[in-house]
Structure formats: C-alpha cells, structure tokens
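First comes the structure, then the notes that go with it.
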Amino acid sequence: MKLFSKGTIGEMELKNRIVMTPMGIYGLPSADGNLTDRGIAFYTARARGGTGLIIPTATFASKLFEEFVSVVYIMDSIDKALRWSELVEHVHAYGAKLAIQLSPGLGRINSDYLHNPHRIPVSASPVPAFWSPWVNCRPLEKNEIRTMVESFGKAAYLAKGAGVDAIEIHGYGGYLIDQFATALWNKREDEYGGDLEGRMRFPLELIKSVRDMCGKDFPIIYKFTPVHTIEGGRELPEGIEIAKMLEEAGVDALHVDVGCYEAWHRTIPPVYQPPACQIDIAQAIKKEVSIPVIAHGKLGIPEMAEDVLEEGKADFIGLGRSLLSDPEWANKVKEGRIEDITPCIGCSEGCFSRGFEGKYASCAVNPQCAKETEYPILPAEKPKFVLVLGGGPGGMESSIIAAKRGHRVELWEKEAELGGTLIPASVPEFKMEIRRFIEHKKAQLAKEGVKVKLRKKASADEIISALPDTVIIATGGEPIIPNLPGAKGKNVFTAIEALKGGQELGNRVVVAGGGLVGCETAVHLAQQGKEVLIIEMEDRLLPEPIFILNYKNLMELIEKSGCEVMLSAKLLEIDEEGVIVETFGERKHIDCDSVVLALGFQPIDVEVEKLEGKIEEIFVIGDARKPRKVLNAVWEGFHTARVI
C-alpha cells in the first residue's frame with residue numbers, strides 16, 4: 001500500500017504517509033501550558049499505533065499578548081523544551097517523527113474577553129471578536145508584531161533543541177496568522193495590510209524567523225486555508241496564489257485546511273459531512289506546487305485514504321479524530337485488520353462537547369482516549385459468568401470488555417440483529433459511520449468469543465435460571481407515544497419505524513418533534529423526495545443542545561433538503577387527514593398523509609426488582625437507565641465491564 005511507503009518532507013524522512021493532525025484536547029496541557037504525563041502517554045499511544053508523523057495541538061510561542069488557553073501548549077522556556085524532549089524520545093522509540101505546531105496566537109478567535117473583560121482580543125485590525133462580536137479587537141502595533149516574530153523564532157529554536165523533527169506553522173482557519181493574510185479581517189493601511197503581498201508579510205516574516213533560528217535544512221510545514229467557505233472569505237484562486245508564495249518562501253510542505261470558525265463544520269467535519277469532504281481543495285493546491293501536500297477531512301476509511309494517495313490527490317494523509325477513536329489505526333490497516341478499527345462516528349460528544357462542559361476531552365467510542373494509563377483492561381481476578389441483556393452500543397461494549405478480561409459472556413438480544421437504536425440511526429446516508437461502528441462491534445464480539453443469542457427476549461425467570469454471576473441490563477429505550485387522540489392510528493409511525501423503512505408514509509409527512517432524532521429523520525425523508533414539515537413545541541429546533549459543529553451542519557441540511565419548520569406548535573390531536581396543533585393560542589389543522597413521532601425515548605422496563613437478591617451483581621447502563629447519547633452507553637458499558 002502506498003500508505004506505508006516512505007515519504008519525505010524537506011530533510012525529514014517518514015516511515016509512512018500517515019500524519020496525526022493537531023487537535024485541541026482539553027485536559028492534556030498543564031496549567032502553565034506544559035506537556036503532562038497524560039499528554040505524553042496520549043501522543044505516544046498514537047506513535048506506538050504506527051502513525052508516521054505526530055503533530056500535537058497548537059503551541060503558543062509566547063503568552064505576552066494572549067492569556068493561556070487550556071487546549072494549547074506554550075514553548076517559551078527551557079523547562080517547556082525539556083518536557084518536549086521526553087515526548088520526542090517516546091515517539092522516536094516507535095519510529096515516528098514529531099512536529100510542533102507553533103502559533104503566535106488565536107487573535108479574534110480567543111475567548112479571553114468572556115472570562116476577563118480587561119483582555120480585549122488582538123488581531124490584524126479592529127474587527128469583531130468571534131466569541132464576543134460586540135467587542136472589536138485591538139489591532140496589533142508594529143513593534144508588537146516584531147516581538148511576535150522574534151518570539152516565534154526563539155520558540156522554534158527551543159523546539160529544535162528538544163529534538164523535535166519539524167515545525168508546522170499555525171496559519172489556517174481564521175486564527176491570528178490567517179487574520180493577517182485575509183482581506184476580510186485585515187483592514188490595515190500599513191505594510192502589513194492592503195494587497196496580498198502586504199497581508200502575507202507577517203506570515204512570511206514568521207517563516208524567515210524560523211529559518212534564521214533553525215537553519216535552512218530544518219523542515220517547515222505550513223498549515224493554511226485556501227478556501228474559507230464564507231461570504232467575503234478567501235476563494236480558491238487566492239489560495240493557490242498563497243500556496244505558490246509559501247513554496248517560494250522555502251516551506252517544505254503544505255497542510256491544507258478548509259473553512260473557519262464561521263463555518264466550523266467545514267473545518268472539523270461532523271457526521272453529516274461526506275468522507276474525503278476536503279480532498280478537492282487539497283488536490284487543487286497539489287496541482288499548483290511541487291512540494292508535498294498533507295490532506296485531511298474524514299479520510300479515516302483506509303481504502304479511501306489509499307485511493308487519495310494512489311490517484312495523486314495528496315502526498316500524506318492527515319487523520320485527527322480517527323486516531324482518537326483508534327490510536328492503532330495505522331497498525332491495523334497495515335496488518336489487514338480493517339474490521340478491528342474503531343471508527344470515528346463524527347458525534348463530537350467526547351472530543352468537543354466534554355471540553356466545552358469543563359471536562360477532559362476524550363472520545364465517545366473510545367473511553368481510553370486521553371486516559372491511556374488510567375483505564376487499563378486487566379485480566380479478571382475471578383472469572384465470572386456475565387449475562388448482558390441488550391445488543392445496543394452499551395450491551396456490545398460491556399460484552400466485549402468483559403470477555404477481554406476473561407469472563408464468560410452471553411449477550412441476549414430480543415431483535416433479529418445487533419445494534420439497538422443505532423440500526424435505524426444508521427439508515428440515512430449521512431450516518432454511514434454508524435453502520436461501520438455496528439459492524440466493527442459485531443466483529444469484536446465474534447473475536448472475543450461472546451455467545452450471542454438473537455430473538456431472545458428474556459423474562460426474570462429465564463435470567464435467574466441461567467445462573468449468571470453478573471447481569472448487565474442494557475435493554476435501551478423505546479419511543480414515547482403521547483396520550484393523545486389518534487396517536488395510535490394507522491397513519492402514525494415512530495421515527496424508528498420511519499427510518500427502518502417498509503412503511504407507506506405517503507408524500508406529505510409531519511414529523512412531530514424537532515430534537516435530534518426528529519430533525520435527522522425529517523432530512524432523511526426529505527432527501528427521499530417527500531414533503532416534510534417539522535413541528536416543535538419549543539421556540540427553536542434542537543432544544544436539547546448538540547455541539548455547534550453538528551448543530552450548524554444539521555441546520556444547513558434541514559434548509560437544503562427543503563424541510564418546512566413550525567415552532568411553538570403543540571401537538572393536540574391526530575386524525576386520518578393530518579394533525580391538529582396549537583400555535584400562539586390558535587388551533588390549526590395541517591393536512592398530511594402520515595405522522596412520524598419523534599418525541600423522545602423512555603427506558604424499557606426490565607423488572608429489575610425481580611432479580612434483586614437472586615443475582616450477585618446487577619448493573620443498569622445506557623438508555624435502560626436514562627435515554628441519552630452514544631457516549632453514555634459506550635462508556636457505561638466499558639467501565640462496568642472494566643471493574644467487574
């Protein structure tokens with residue numbers, strides 16, 4: 001495979017074409033911006049997993065102009081460099097190389113002001129700050145720019161001294177360097193503004209500063225954004241021009257990004273974006289330069305990544321969240337164990353939502369992510385017979401982990417197929433990652449020797465008669481059916497039924513419930529050509545919050561699919577011709593052929609009280625405890641089985 005052919009970036013030779021792209025992981029940097037033991041373990045796991053080049057998250061060259069942000073590192077002193085030298089040794093032990101992504105700051109993207117109103121964000125010009133748009137940024141003075149350039153070179157020198165193999169310059173995504181390079185955010189009238197040559201002066205000075213401090217042979221990668229995908233942002237022709245300027249300036253490779261914070265779902269594509277969604281932009285840049293191009297953007301499907309290289313669309317494959325969900329991605333691909341790869345499902349629950357909630361970031365489908373040393377899977381001290389009820393994500397995860405530890409495990413599933421509510425959730429084309437996740441878990445159950453019984457709906461007596469030592473109840477939830485006239489009519493279906501198909505819904509469909517399930521179901525039906533109206537009793541869609549990446553993309557899909565939306569509309573009654581709703585005190589009849597209910601889920605009753613006192617251990621996990629998210633089911637399954 002070309003994925004595992006050697007590649008070079010400047011004077012740096014890499015053992016393969018797989019690059020771990022920078023990701024801000026809440027909880028890895030220390031309070032002063034240094035590497036922690038947890039961070040070293042995290043990056044080392046990806047090197048041990050076969051990745052060729054590791055690039056940790058952005059590292060500030062200085063904290064003179066911006067307060068420390070909890071997801072970045074700082075390289076401004078010898079003690080910081082010492083810790084990086086430890087990481088270098090760990091990474092090199094596995095034949096991988098380590099780059100450091102240097103940044104002068106975040107600029108208008110910095111959220112300092114929200115925590116300290118005296119810290120006005122800096123930028124190229126007095127443009128609105130992203131997180132606090134009512135505040136205009138303070139434009140950097142020329143002497144401050146010179147200080148930034150000098151500190152940038154010093155940070156690169158410290159990194160090189162620590163043994164780091166390359167520098168990646170943080171010039172993308174609407175961050176500070178990109179703000180200087182972009183006319184939308186750079187309104188300066190001095191030599192750092194105006195035409196593209198003026199706007200590129202700051203980034204080119206940063207490149208020269210690294211060269212002056214580290215030498216002409218030290219590899220420099222420049223990550224930049226050729227296309228912002230927003231009105232007034234950069235378009236591809238200018239992106240190509242910038243790429244040529246960077247090559248002429250002596251950059252050794254280009255790392256191509258797409259989007260910015262105003263189009264964050266383009267930069268970090270969630271589940272709704274198709275695989276390889278940024279590759280056309282990377283390919284366009286590669287055609288115009290002779291230096292290597294690193295592409296990324298949902299390239300975690302191995303055969304797709306290989307095709308990108310074979311077809312000459314890029315020289316290196318950048319993986320981000322695919323290496324969160326499975327740090328062994330490279331090794332497994334090389335060994336042909338594709339079914340063993342835990343796929344990223346694009347949910348943003350572990351890698352993003354947790355960090356914004358003030359928790360350490362991780363991964364919904366890999367509870368060991370960023371906890372590589374804290375949560376080992378150890379052999380059970382006393383092997384037990386573990387009976388798992390329910391074959392959804394929580395039940396499958398607990399079965400696999402319990403079996404790995406040496407327990408004898410049986411999994412009973414009442415349906416004819418494993419997957420639980422993930423099965424209907426995986427039906428829309430934009431949820432294909434869920435299908436891959438289900439198939440992965442099925443393969444692991446088989447490999448771990450879990451005895452699976454399908455179409456097995458167990459009574460309390462059957463459970464007790466099986467004589468298990470431990471019972472894990474992961475039976476999931478069921479759709480809520482409201483106690484309303486007509487709610488059980490022949491023209492009424494649950495979202496699960498509508499997604500599974502085989503139902504005659506007609507052409508005009510009302511989806512009752514504008515939460516995540518309702519919105520995704522509505523888009524799926526609209527994409528099949530149906531006329532869809534979503535009714536939601538709250539004054540906004542998705543009243544239960546989902547992460548902003550997924551929210552923006554799903555709202556865009558709703559608009560593009562042609563779904564109509566009626567907010568502040570309470571469902572009162574369903575009849576053969578449609579629904580009756582109350583909106584702003586007025587009753588209204590809406591004609592439709594069918595009604596799809598997406599009003600939430602409730603736990604399935606499993607009569608736990610009949611098992612108490614007769615089974616040694618009983619655990620209730622996932623939606624069987626309380627309907628929530630995939631993360632909750634997988635993590636509860638993992639941790640329950642980990643400590644039995």
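Could you say whether any residue in the stretch 315-326 is more than 30 Å from G10 (Cβ to Cβ) and either modelled with pLDDT of 95 or more or touching a Phe, Trp or Tyr at 6+ places or on another chain (Cβ under 7 Å) (or both)? Yes, there is a match, as at least one residue in the stretch 315-326 is more than 30 Å from G10 (Cβ to Cβ) and either modelled with pLDDT of 95 or more or touching a Phe, Trp or Tyr at 6+ places or on another chain (Cβ under 7 Å) (or both). Restricting V595, V606 to residues that are in contact (Cβ under 8 Å) with a residue 12 or more places away in the chain, out of contact with any Asp or Glu (no Cβ under 7 Å at 6 or more places or on another chain) and under 20 Å from K414 (Cβ atoms) narrows the list to V606.
Report yes if L554 is closer than 25 Å to P627 by Cα, surrounded by 14 or more Cβ atoms within 10 Å (Cβ to Cβ) and in contact with a strand residue (DSSP E or B) (Cβ under 7 Å, 6 or more places away or on another chain), otherwise no.
On the way: closer than 25 Å to P627 by Cα: yes; surrounded by 14 or more Cβ atoms within 10 Å (Cβ to Cβ): yes; in contact with a strand residue (DSSP E or B) (Cβ under 7 Å, 6 or more places away or on another chain): no.
The answer is no for L554.
Please indicate, with yes or no, whether at least one residue in the stretch 579-589 is surrounded by fewer than 21 Cβ atoms within 10 Å (Cβ to Cβ) and either closer than 24 Å to C351 by Cβ or in contact (Cβ under 8 Å) with a residue 24 or more places away in the chain (or both). Give the derivation first.
In the first step, residues of the stretch 579-589 are kept if they are surrounded by fewer than 21 Cβ atoms within 10 Å (Cβ to Cβ); the result is 580, 582-589.
With the extra rule that they be either closer than 24 Å to C351 by Cβ or in contact (Cβ under 8 Å) with a residue 24 or more places away in the chain (or both), the set shrinks to none.
No, that holds for no residue.
Identification of helices (runs of 4 or more DSSP H) wholly contained in the stretch 154-264 with 1 or more residues that are under 24 Å from S85 (Cα atoms) and among the polar types (S, T, N, Q) yields 201-214.
Among the residues of the stretch 223-237, are any surrounded by 17 or more Cβ atoms within 10 Å (Cβ to Cβ) and either within 17 Å of I167 (Cα to Cα) or over 28 Å from the mean Cα position of the chain (by Cα) (or both)? Scanning the stretch 223-237 turns up at least one residue that is surrounded by 17 or more Cβ atoms within 10 Å (Cβ to Cβ) and either within 17 Å of I167 (Cα to Cα) or over 28 Å from the mean Cα position of the chain (by Cα) (or both). Every condition in (1) touching a residue at least 12 places away in the same chain (Cβ under 8 Å); (2) touching a Ser or Thr at 6+ places or on another chain (Cβ under 6 Å); (3) surrounded by fewer than 20 Cβ atoms within 10 Å (Cβ to Cβ) holds for A61 except the one numbered (3).
Looking at the stretch 346-390 only, could you name the residues that are in a loop (DSSP other than H, G, I, E, B), of a type in the set (V, I, T) and surrounded by 17 or more Cβ atoms within 10 Å (Cβ to Cβ)? Talk me through it step by step, then tell me what you get.
Initially, the stretch 346-390 is screened for residues in a loop (DSSP other than H, G, I, E, B), giving 346-348, 357-384, 390.
Now restrict to residues that are of a type in the set (V, I, T): 365, 373, 377.
Hit for the stretch 346-390 is V365, nothing else.
When the stretch 28-47 is filtered for residues that are surrounded by 20 or more Cβ atoms within 10 Å (Cβ to Cβ) and out of contact with any strand residue (DSSP E or B) (no Cβ under 6 Å at 6 or more places or on another chain), the ones remaining, listed by number, are L28, L35, G39, I40, F42, T44, A45.
Checked against the criterion of being within 25 Å of V620 (Cα to Cα) and of a type outside the set (F, W, Y), the candidates K298, K384, K334 yield just one match: K384. Taken together, G50, G33, G39, G24 contain a single residue that is at positive phi, in contact with a Ser or Thr (Cβ under 9 Å, 6 or more places away or on another chain) and small (G, A, S), which is G33. Within the stretch 275-322, count every residue that is part of a helix (DSSP H, G or I), under 20 Å from R234 (Cβ atoms) and out of contact with any Lys or Arg (no Cβ under 7 Å at 6 or more places or on another chain). Result for the stretch 275-322: 4. Looking only at residues in the stretch 40-68 that are closer than 21 Å to M213 by Cα and modelled with pLDDT under 95, the one that is farthest from the chain's Cα centre (by Cα) is L64.
The values are calculated or read from the model by the stated rules, or taken from the named source; none is laboratory data. Everything numeric here is computed off the predicted structure, so don't read it as measured data. Counting neighbours? That spans all protein chains shown, and the Cβs are built from the backbone with ideal geometry, glycine included.
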